[in-house]
Each structure stands twice: as structure tokens, then as C-alpha cells.
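Values in this text are rule-based calculations from the coordinates and carry no lab data. Being a predicted model, the structure only gives us computed values, none of them experimental. Note: ideal-geometry Cβ built from the backbone for every residue, glycine included; neighbour counts use all protein chains shown.
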Amino acid sequence: AGLGEFRIRDLNDEINKLLREKGHWEFRIKELGGPDYARIGPKMLDHEGKEVPGNRGYKYFGAAKDLPGVRELFEKEPLPPPRKTRAELMKAIDAEYYGYRDEDDGILEPLEQEHEKKVIAEAVEKWKMEREARLARGEEEEEEEENIYAVNDNESDEEGGRDREGEEGQPKFIAHVPVPTQQEIEEALVRRKKMELLQKYASETLMAQSEEAKTLLGL
């Protein structure tokens, strides 16, 4: 490498020029019926016994192999990392991967609550400012929407409401449909059981007589 980069390149070019001339003579010898030295001739080896590296017929000898940009031509690219199989990828997937444990550390939930309070406060402040602006312009304040879920304490039982007072301190529940009593439920179950027994054991004649008797009795 003490000769300098340009001198080494010139010498390497000269060697390749002589090799091309040698190849032309070998081809001519073959045309004249002589042996094919290109096929049976010895390979060119370096001082380490390795075949002289080259690129598209151009060979590099000695220090020319260490020139900038030359070494990279002959360095083998590292093998790509082996691809993981589907089973190996699934090993790392658990509930935490899908975000089901985000609240286990106790950090996310307080932050969400704080953000929720902030958003609500901003919404309330915005509503107040808009309300004051409407009043300043002389606009009438919109009537509050009727709460369709509100329950009137004076609602009569005729409308189907029945008060159910729970234990002390419990809210009052109102049913807006007729609710049968325990006695009515028991009577309905008895009638249903009788009908099932009649259908199972009674003959068609008895069934007809039973229906006729019910008709006569007005049942």
C-alpha cells in the first residue's frame, strides 16, 4: 500500500491487460487445433491459496484487493435473521398485548378521571359563556327539555303505577304495567297444570264433555 492508491490501480490494470492478451492467444491456439488452455489450465491463486477475486472478468491482485470500494465488492452479506414462525409470535401475545391490563398499574385511571373533570369544567364554562352572551343580546333563554323519565308522585294506580317502597334509604320503584299478585300467579299455575293433566290423561270424549260443561256454565 506504500505505492499509493493510483499506482496500485495502474499496476492492477496492467496485469488485467496482460491477462486479456493471454486469453486471446489461448483462444487462437484452440482455433488452430491446439489444447484448450482456458479450460484445462491452472486457476490463478493468491498467496493464501485462494482464487483471485474478480468482478465481470476483472481481477484484483495483492494490495488492490484492499483499495477503497474493492473490499466491499467481495464481502459476503450477512445472512438475514431467521423469520419467526406464527407459533413463536403468538407466545408473546397475552391480555396485556390487547390492553386489558392498562389499568392494573393504577396510573391510567386517575389520569382519565382528571382529564374527565377538566373536560366537564370546560364544557360548563363554555355553556355559561354562551348563556350570558344570549342574555346580553336579549334572546330568551331556551326552555329546559322535559325529562321524560321523571316520575310524578301523584300518578294514580289506574295508570298502572304501583309503588314499591324498599328498605329505609332505598329509592322508590314504580311499575308502569299491571303486576299480578302472588295469588293470581298461583291460580294461573294451577289452571295450567290442570290443562296439562287433562291433555295427557283424558280421552277425546272426556275433553269434549268438559268443553261442553264449560260452555253451559259460561266459563
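At-a-glance table
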quantity: Full-stretch length increase - Lys214, Lys194 - with 0.36 nm per residue and alpha-carbon distance subtracted; calculated: 5.8 nm
quantity: Glu130 paired with Glu112, simple spin-label distance in nm, labels 7 Å along Cα-to-beta-carbon; calculated: 2.7
quantity: Contour minus Cα-Cα distance for Leu32 and Asp102 (0.36 nm per residue); calculated: 16.7 nm
quantity: Spin-label model distance (nm) - Glu122 vs Ala95, 7 Å beyond Cα toward Cβ; calculated: 3.3
